[in-house]
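What follows is a short report on a single structure.
The values are calculated or read from the model by the stated rules, or taken from the named source; none is laboratory data. Computed from a prediction, not measured in an experiment: that's the story for all the values here. When we count neighbours, we look across all protein chains shown, and the Cβ atoms used for this are built from the backbone with ideal geometry, even at glycine. Only protein heavy atoms, including side chains, enter the accessible area calculation; ligands, DNA and RNA are left aside. Shrake-Rupley method; radii C 1.70, N 1.55, O 1.52, S 1.80 Å.
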Amino acid sequence: MVLDSFATSIRETLRRIAGSSHIDPETIKEVSKEIQRILLKADVNVKLTLELARTLEKRASEEKPPSGMVEQDFLVRIIYEELLKIMGEESKLEIKPQTIMLVGLYGQGKTTSAGKLSKFFTKKGLSVGLIAADVHRVAAYNQLEQLSKQLNVSFYGKEKEKDPVKVVREGLKELSQIQVKIVDTSGRDSLDDELISEIKELRKAVNPDEVLFVLDATMGQQAGNQARTLNDAVGITGVIISKMDGTGKGGGALSAVASIRQPVYFIGTGEHLEDMEIFNPKRFLSRLMGLGDLESLMQFAEESDISPEEAEKTMSKLMSGKFNLKDMYEIWEKFAQPGLMRKIVDSLPINKMPAGAKIDGSVLDSAEEKLKVYRTIMDSMTFTELEEPDVINASRISRIARGCGRNEADVRSLLREYKAMKKNMKAMQGNRNLKKMLKAQFRGGDFGLENVLGEGGS
Ligand SMILES: Nc1nc2c(ncn2[C@@H]2O[C@H](COP(=O)(O)OP(=O)(O)OP(=O)(O)O)[C@@H](O)[C@H]2O)c(=O)[nH]1
Ligand SMILES: [Mg+2]
């Protein structure tokens, strides 16, 4: 996942909060220090970090948790709310016919983002056209033309033309029937006067609905200067942060662009055209913090072969605490698709998981392998044993092991896992909020983090 080390350390802190017997001034101070360290490591600006820590400490020591909420959860909620403030505004790029202009420095990911955006709008059923207004870099024309072919979208460019304004004027005319027109512009080393005046002129010619600033996440907090200069010059309406994969500085980039008060619409998470996520600060943060992101979870389920009905059936079985070995087998089988388990676990609210229900990477990686072994073992169980695993005693274990050619320890490990899972699920069953939220999500309702964080939350 993006911002991996941020996520790992913040979850570690939250786990420690959850495990503390009570929240005293010393705990608050410690937590605040840890959060500062984590933010600085993610390249968040020092001043911003200190401010956040101060507010955090003040709120944590002065405010009282609402009735029904334990002080540990309340502290987590304060942390969530304060971190959210530095993530910026929440806003979505509208799905409608429009003209989009992409701006930014050299190699930040403008052209790639143009391709990703094309894919995004095409998927939503809109026709897309790309306009090659990067007249400076020699290969730029070809790169965009190739991209349009690959994506099967319209393209306008003029290979030898050196005036981007001309290209844009003609391009917009040529593509007038196309619903979403995306103008790819040239990058420069730095925001010199020349670039600024070129962009200004282009902006006039394009008259875009959106001016999207494309920014490489590895810039970290330095991104702030660029964002401010460009914003003053041409009026940015939104931001795409590319290359969030593989950098620890994403936190810096995010908080820095948040300062221009324009929303981050997307984050780029890889070189491929499908590697772009809609950025929603609340969902993003709650996923990082391990507070759960059920919308994403449902999206993953959609992307896999699991139907919503199936997912709902599986979930209610899980939540009922009444499931048997056969159900467990089905669940393992459905979710043991490569990569899917990891995504699901990243989306689950870890702080609502009972202690001991921690699922780590190695467990996930061996899930498929284990499934094979379990299948063999279950194949030599009787119907009764699968339906009522409690009847499985020592002599049955030895019979099952003999029947499938595995040793008794394997059978016992399967049973242990089943019991642990059942116990965990039973504990989760008691979590009314989680249950309510899951149900609402499956029905397409709009329950959010508020429910995880407590009644009448943030
Ligand atoms: N890992 C990763 N690489 C990306 C991402 N977005 C773009 N890239 C890579 O970054 C490099 C530059 O991307 P471009 O889209 O050509 O950047 P540009 O802003 O159009 O560059 P110029 O036109 O030269 O100014 C390419 O190698 C891309 O594959 C991303 O989200 N993740
Ligand atoms: Mg380019």
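Side notes on the structure shown:
- Gain on full stretching of the segment that runs from LYS58 to LYS166 - 0.36 nm per residue minus C-alpha separation: 33.2 nm
- Translational diffusion coefficient (Stokes-Einstein; Kirkwood radius from C-alpha pairs) of region 104-219 at 37 °C, 0.692 mPa s, in µm²/s: 231
- Over region 4-85, Cα pairs under 8 Å with separation of 6+ residues give a relative contact order of 35 percent.
- In range of the label at LYS33: residues from region 71-86 whose backbone nitrogen is under 20 Å from the point 7 Å along Cα→Cβ: 75-76, 79
- Carbon + sulfur, % of accessible area of region 186-280 - ligands and nucleic acids excluded, 1.4 Å: 40
- Length added when fully stretched, ARG375-ASP192, from 0.36 nm per residue minus Cα-Cα: 59.4 nm
- Taking trypsin sites (Lys or Arg not before Pro) across region 235-275, the ones in a DSSP loop with at most 15 further Cβ atoms lying within 10 angstrom of their Cβ are ARG261.
- Each Cα pair under 8 Å and six or more residues apart adds its sequence gap; the mean of these over the residue count of region 98-288 is a relative contact order of 25 percent.
- Filtered GluC sites (Glu not before Pro), region 213-290: DSSP coil and at most 12 other beta carbons within 10 Å: GLU271, GLU274
- Per residue accessible area of region 4-85, 1.4 Å probe, in Å²: 53
- Dividing the mean sequence gap of close Cα pairs (under 8 Å, 6+ apart) by how many residues region 146-259 holds gives a relative contact order of 24 percent.
- Region 227-234 - phi-based ³J(HN,Hα) in whole Hz, Karplus 6.51/-1.76/1.60, Gly and Pro as x: 4, 5, 4, 5, 4, 5, 6, 10
- The Cα-based radius of gyration of region 140-297, divided by its Kirkwood radius, gives an Rg/Rh of 0.99.
- Atom-type composition of the exposed protein surface of region 54-115 places 49 percent of the accessible area on carbon and sulfur (1.4 angstrom probe).
- Applying both filters, DSSP loop and at most 14 other Cβ atoms within 10 Å, to the GluC sites (Glu not before Pro) of region 70-136 gives GLU89, GLU90, GLU94.
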